[in-house]
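Participant: To start, I am sharing the structure in question, which I have written as structure tokens.
FYI, it's all coordinate maths here, none of it is from the lab. What you see is a predicted model; the values in this text were computed from it and never measured. Counting neighbours? That spans all protein chains shown, and the Cβs are built from the backbone with ideal geometry, glycine included.
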Amino acid sequence: MLTAAVLNGLMYGAIYALVALGLTLIYGVLHIINFAHGAMLMLALYSAFFLFKLFNIDPYAAILIVTPASFILGYVMYRWGIGKLSKGRDQNILLITLGLSIILENAALFFFTGDQQTVNLSYGYDALDLGFVFLSYPKIISFFASLLICALLWALMSLTDLGKAIRAVAKERQGARLVGIDVEHIFAVTFGIGIACLGAAGCMLLPIFYVDPYTGNIFVVIAFTIVVLGGMGSIIGALLGGFVIGITESVGGLFLGESLGQIGISLIFIIILIFKPTGLFGSKV
């Protein structure tokens, strides 16, 4: 039972990491917390849901649609919305994203009602028999897809000119401007990538979870804990933090029951803040 709990924790942990990646990337460059993070994840879940219901597009195939659409939405939202309205003040961005979160959640409640929605896939109940545990195919697909996206994001940040520009802006905005980098464009691109991560995460969560107007809030609490655990702005830290939190939640649920399983997450959050507030990899992107 313990081995099964650990494996299931790893499955969920990879998706948690993907949700946290968007949060830590935006913080690492813009140095602000996006309070609309949960609402944007909820939009991604609903997008994948309606693509499946209306056009019979598998949620995993919908990644190819929802992820780029989420990037465009994030880019436009920041470049011609949040960035201009904030007038360069970080506290304004916090208030704007908080207001955006309230608007999106209440709009979803109005249009989609508060009912929880799920999808039934033809292979949704199929599982891989390892002899000592059954792992459902949706969880396995989500796990490896999350790892692939994390690897692609790491490669983007480490090996490309865009990644170098993003890291330069994260380290020194004024210096980046002096060498000709369009800082406002990089801000918008970074915000777009962060929202694109949520788009992919939403598609991978839908086959194994449900969606309602407040679903995103469940994962935001976990994402914040992962970001603090892994270190603000660290991609590797977010991935490892996701694994730790996923295993902690799963094992805690095994011994304490599902309703008390998340106590371990809160304890980790408090311990990290007390003994290592910079996280395991406390460096910026």
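Participant: When the label point is put 7 Å from the Cα of Tyr125 along its Cα-to-beta-carbon vector, which residues of the range 194-216 have a backbone N closer than 18 Å?
Facilitator: Residues passing the 18 Å test: 207-210.
Participant: Can you compute 3J(HN,Hα) from phi for each residue in the range 188-205, using the Karplus curve 6.51 cos²θ - 1.76 cosθ + 1.60 with θ = phi - 60°, rounded to whole Hz and x for Gly and Pro?
Facilitator: Along the range 188-205, the couplings run 5, 4, 4, 4, x, 5, x, 6, 4, 4, 5, x, 5, 4, x, 5, 7, 7 Hz.
Participant: Using θ = phi - 60° and the Karplus relation 6.51 cos²θ - 1.76 cosθ + 1.60, list the HN-Hα couplings for the range 122-134 in order, rounded to whole Hz, with x at every Gly or Pro.
Facilitator: After applying 6.51 cos²θ - 1.76 cosθ + 1.60, I find 4, 10, x, 9, 6, 9, 8, 8, 9, x, 10, 7, 9 Hz.
Participant: If you don't mind, there's one more thing I want to ask. For the range 43-54, what does the Karplus curve 6.51 cos²θ - 1.76 cosθ + 1.60, with θ = phi - 60°, yield as ³J(HN,Hα) per residue in whole Hz, taken in order and with x for Gly and Pro?
Facilitator: 4, 5, 4, 5, 4, 5, 5, 6, 4, 6, 5, 8
Participant: Just want the ordering: Phe49, Phe112, from fewest to most Cβ atoms lying within 10 Å of their own Cβ. Walk me through the numbers on the way to the answer.
Facilitator: Working: Phe49 21, Phe112 16.
So the ranking, lowest neighbour count to highest, is Phe112, Phe49.
Participant: Which FRET efficiency value, to the nearest 0.05, do you get for Ile140 and Phe55 by plugging their Cβ-Cβ distance into 1/(1 + (r/R0)^6) with R0 = 22 Å? Kindly include the intermediate steps, with their values, before the conclusion.
Facilitator: On the way: r = 25 Å, r/R0 = 1.13.
Using R0 = 22 Å, I get an efficiency of 0.35.
Participant: May I pose another question? Can you compute the label reach from Tyr210? Point 7 Å from Cα along the Cβ direction, backbone N cut-off under 19 Å, restricted to the range 3-40.
Facilitator: Counting backbone N atoms under 19 Å from the label point, the list is 39.
Participant: Also, quick follow-up: Given H placed on each backbone N at 1.01 Å, which residues far from Ile57 in sequence or on other chains put an amide H within less than 5 Å of it?
Facilitator: Phe52
Participant: Something else now. Of Ile218, Ser158, Ala36, which is farthest on the positive side of the dipole of the chain, counting Cα position, with +1 on Lys and Arg Cβ, -1 on Asp and Glu Cβ, and the Cα centre as origin?
Facilitator: Projecting each Cα onto the dipole axis, the largest value belongs to Ser158.
Participant: Using modelled amide H (1.01 Å from N, peptide plane; none on Pro or chain starts), what sits under 5 Å from the amide H of Ala127, excluding residues fewer than 5 places away?
Facilitator: Tyr137
Participant: Using the per-residue mean of other Cβ atoms lying within 10 Å as a proxy for protection, in what order, highest first, do the peptides 26-34, 206-214 fall?
Facilitator: On the way: 26-34: 22.7, 206-214: 20.9.
The packing order, highest mean first, is 26-34, 206-214.
Participant: Okay, next question. Rounded to the nearest 10 degrees, what's the angle between the helix 63-77 long axis and the longest principal axis of the chain, both from Cα atoms, 0 to 90?
Facilitator: With rounding to tens, the tilt is 30 degrees.
Participant: For the chain, give the magnitude of the charge dipole about the Cα centre (Cβ charges: +1 Lys/Arg, -1 Asp/Glu; no others), in debye to the nearest 20.
Facilitator: On the way: 13 positive and 13 negative charges, 201 e Å.
Using only the charged Cβ atoms, the result is roughly 960 debye.
Participant: Residues with beta-carbon under 11 Å from that of Leu135, excluding Leu135: net charge, scoring Lys, Arg +1 and Asp, Glu -1? Provide the component values of the computation, followed by the final result.
Facilitator: Numbers: positive: Lys139; negative: Asp126, Asp129.
With Lys, Arg at +1 and Asp, Glu at -1, the neighbours total -1.
Participant: While we're on this one: Counting each DSSP H run of 4 or more residues in the chain as -39500 (n - 2.57), what helix-only mean residue ellipticity at 222 nm follows after dividing by all residues, to the nearest 500 deg cm²/dmol? Walk me through the intermediate numbers first.
Facilitator: Values: 12 runs with 204 residues, N = 285.
Calculated from helices alone, the mean residue ellipticity at 222 nm is -24000 deg cm²/dmol.
Participant: How long is the gain from Trp154 to Ile270 if the chain were fully straight, where each residue apart is worth 0.36 nm and the alpha carbon distance is subtracted? Before the final figure, lay out each step's value.
Facilitator: On the way: separation 116, 0.36 × 116 = 41.76 nm, distance 2.81 nm.
Here the answer is 39.0 nm.
Participant: On to the next question. What residue among Ile72, Ile96, Ala48 has its Cα farthest toward the positive end of the dipole of the range 20-217, where the charges are +1 on Lys, Arg and -1 on Asp, Glu, each on the Cβ?
Facilitator: Farthest towards the positive pole: Ile96.
Participant: Between the range 52-114 and the range 171-216, what is the C-alpha centre distance in whole Å?
Facilitator: Taking the Cα centre of each part, the range 52-114 and the range 171-216 sit 10 Å apart.
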